[in-house]
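The values are calculated or read from the model by the stated rules, or taken from the named source; none is laboratory data. Just so it is clear, the model here is predicted, and its values are computed rather than measured. When we count neighbours, we look across all protein chains shown, and the Cβ atoms used for this are built from the backbone with ideal geometry, even at glycine.
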There are 2 protein chains.
Amino acid sequence: MIATPYLLYLGHSNDEIGIKTSRGLAVFRPDICVGEFRHDDCGLTLGLPRLDFAAARDAGARTLVLGIANAGGRLGNDLVEDALAAMEAGLDIASGLHQRLKDEPRLVAAAARLGRTLHDVRDPRPDIPVGTGRRRAGKRLLTVGTDCSVGKMYTTLCLARALQARGVKADFRATGQTGILIAGDGVPLDAVVADFISGAIEQISPDRTDGGWDLIEGQGSLFHPSFAGVSTGLLHGAQPDALVLCHDPMRRTMRGLPHYQPPRLDDCLEANLRAARLTNPQVRAVGIALNTSAMDAAQATDLCARTADMFGLPCSDPYRMGVDAMVDLLLAMDAPAATETI
Amino acid sequence: MIATPYLLYLGHSNDEIGIKTSRGLAVFRPDICVGEFRHDDCGLTLGLPRLDFAAARDAGARTLVLGIANAGGRLGNDLVEDALAAMEAGLDIASGLHQRLKDEPRLVAAAARLGRTLHDVRDPRPDIPVGTGRRRAGKRLLTVGTDCSVGKMYTTLCLARALQARGVKADFRATGQTGILIAGDGVPLDAVVADFISGAIEQISPDRTDGGWDLIEGQGSLFHPSFAGVSTGLLHGAQPDALVLCHDPMRRTMRGLPHYQPPRLDDCLEANLRAARLTNPQVRAVGIALNTSAMDAAQATDLCARTADMFGLPCSDPYRMGVDAMVDLLLAMDAPAATETI
């Protein structure tokens, strides 16, 4: 577990896409973000107090989150110098960058000397088991998608909050680096060795007997030729009772693959249900989540209404319109018997 | 590439299952196996000349293959001592054991001193790309299965040989440790990081313009809850023109999972074709391979004939009956256009 609250790093960044991990934390976990750290040449802000490392520590911060992406996911010298200063001020360091903190000797030496912890959230834990497909107690929802980066993490977080707001126990189970920093725990699924994909999900969403829901963050798409293996193992490991299909209606080609088009919603939903039945024959769809950020309110409302009609399922832009109708469906679902086996 | 020919290691083993890698090499590559190394307490033989390390080197051997599995895949002291002696005698070492040769300091030191090479065939190469799904030139066949360990490697090798016997260029593309040792190259797919599964297959089966076939060794099953992610990424990376479905008719439960039953052949074939169409819409099934080793000849022939009738596809036990009818079908297939994109 990564110690909270966080100080969010923006550094010298002027690239909005590049700070999406810091942004995601500020949006979804303002309760655990005491401030942002930026240099004078940084033109971006998360709307949080601008603090230096000492002031952040005084305000209660425990960990500096390097929630930025730069070219090649490298730890540049600026980043290393800032991380060293943050450790001197009493902060742990967490990073989702490709280049690991633990591979930078200056950071490792400083952490040892100061008693600080370095968190590389792209490093899976070492004890992931092979999946078994054994039916587990409790209720699970998984977000699936027509493509990568279509809103699966946002949708999952919105569902967790909406359930909690109705007094239902609900936990977000993170499978990507931003999600892990938001939740403080989870598995960086894309970095797990292939034989352990489904086992990694079984590990982060074990038997649950308190009547609550695990909301599991989806990754990739069964229709993305680069990453469908990850999505398949995730689907089997999650053994979801409920699926929400996430889609970006403005997407014309698959992310990173201009020679592939997104699948039809009905084909994608059916393929996910079919694959999911292997580990949970009772799986059902409970909604469709559309990213309507490029549309005005009337267009967005109209598209969601038409999609809902077409599929006979709740449809909304979760971040913009909420997920009330999906939550109504979830709450009407019975808990599976804890001892059931397939 | 691992230098051949090989000396096959049996050591002190008395467990037929434990020597299956050495056995696979002796069966499929007698041409590159100069002998077997066994201690006096080893009760097994591959039918090859029994040689010590010096005699093997004199007979041309270049690499000692530790083609055995012992408890936990560990390098015991016996194995290390034998490997050291083999290196002194002039041999490289190749191992498919879970514990890596490179993590044993005595072996690393000896290899450096003697100029020998240590091959850990479970270590993927470091430059595997993310898959792109780009259509590649050439013809590819992939074996798929109802379960793990149902004969996919044997079937793939039989097909490669049968094509070669008809004068067709054909290469076996290995995806598991025994296959890699047989081919001298390949990718240990179960050890690849999840995001790179399909890219690993694209790498080992690149554009092919000589009119020949790549025969790609399948892994796992779309219906195995532990490993379906590997099988999915393999299917997409292979973009096969032809599939052969492999099945063990005596299998009652999925390997390692007594709570799961094997799928029906028709369901399994249809699921594989459906998933494969993402990267090759022209994919077709060309045969069904049954492992009939537990049946007498009449039973085996009868089962294959009935299965062939039911599916309208060639069906045989490849190792026992050959694969002539499947090869006839393959040779009747047109080559896809090299420049085609999806």
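At a glance:
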quantity	calculated
Residues located in the stretch B:67-83, provided they are at pLDDT 95 or above and either surrounded by fewer than 15 Cβ atoms within 10 Å (Cβ to Cβ) or among the hydrophobic types (A, V, I, L, M, F, W, C) (or both)	B:Val80, B:Glu81, B:Ala83
Options A:Ala94, A:Ala61, A:Ala56, A:Ala86; residue that is part of a loop (DSSP other than H, G, I, E, B) and either at pLDDT 95 or above or within 29 Å of A:Thr156 (Cβ to Cβ) (or both)	A:Ala61
Identity of the residue in the stretch A:223-239, under 19 Å from B:Ala200 (Cβ atoms) and among the small types (Gly, Ala, Ser), that ends up farthest from the other protein chains (Cβ to nearest Cβ)	A:Ser231
Enumeration of residues in the stretch A:90-114 that are surrounded by fewer than 18 Cβ atoms within 10 Å (Cβ to Cβ) and over 22 Å from the mean Cα position of the chain (by Cα)	A:Gly90, A:Lys102, A:Asp103, A:Pro105, A:Arg106, A:Val108, A:Ala109, A:Ala112, A:Arg113, A:Leu114
Residue check, B:Asp185 within 14 Å of chain A (Cβ to nearest Cβ), out of contact with any strand residue (DSSP E or B) (no Cβ under 6 Å at 6 or more places or on another chain) and either surrounded by fewer than 20 Cβ atoms within 10 Å (Cβ to Cβ) or closer than 23 Å to B:Phe227 by Cβ (or both)	no
Any chance B:Tyr260 is farther than 30 Å from A:Met254 by Cα, assigned by TED's automatic domain parsing to the domain that holds B:Arg208, in contact (Cβ under 8 Å) with a residue 60 or more places away in the chain and surrounded by 15 or more Cβ atoms within 10 Å (Cβ to Cβ)	no
Residue among A:Leu141, A:Leu114 that alone is at pLDDT 95 or above, closer than 19 Å to A:Leu75 by Cβ and away from every other protein chain (no Cβ under 14 Å)	A:Leu114
Residue in the stretch A:253-266 that is under 16 Å from B:Pro225 (Cβ atoms), of a type in the set (Lys, Arg) and within 12 Å of chain B (Cβ to nearest Cβ) present	no
Helices (runs of 4 or more DSSP H) wholly inside the stretch A:173-277 that include at least 3 residues being at pLDDT below 95	A:177-183
Top-ranked residue in the stretch A:149-172 [being surrounded by 21 or more Cβ atoms within 10 Å (Cβ to Cβ) and part of a loop (DSSP other than H, G, I, E, B); ranked as farthest from the chain's Cα centre (by Cα)]	A:Val150
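Here is a yes/no grid of residues against (1) in a helix (DSSP H, G or I); (2) closer than 15 Å to A:Ile182 by Cβ:
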position	(1), (2)
A:Thr4	no, yes
A:Leu10	no, no
A:Asn14	no, no
A:Gly18	yes, no
A:Thr21	yes, yes
A:Leu25	yes, yes
A:Asp31	yes, yes
A:Gly35	no, no
A:Cys42	no, no
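So that you can scan it fast, the table gives a plain yes or no per residue for (1) of a type in the set (A, V, I, L, M, F, W, C); (2) within 22 Å of B:Gly151 (Cα to Cα); (3) outside the structural domain of B:Pro105 (by TED's automatic domain parsing); (4) touching a His at 6+ places or on another chain (Cβ under 7 Å):
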site: B:His12; (1), (2), (3), (4): no, no, no, yes
site: B:Gly18; (1), (2), (3), (4): no, yes, no, no
site: B:Val27; (1), (2), (3), (4): yes, yes, no, no
site: B:Gly35; (1), (2), (3), (4): no, no, no, no
site: B:His39; (1), (2), (3), (4): no, no, no, yes
site: B:Leu46; (1), (2), (3), (4): yes, yes, no, no
site: B:Asp52; (1), (2), (3), (4): no, no, no, no
site: B:Asp58; (1), (2), (3), (4): no, no, no, no
site: B:Leu75; (1), (2), (3), (4): yes, no, no, no
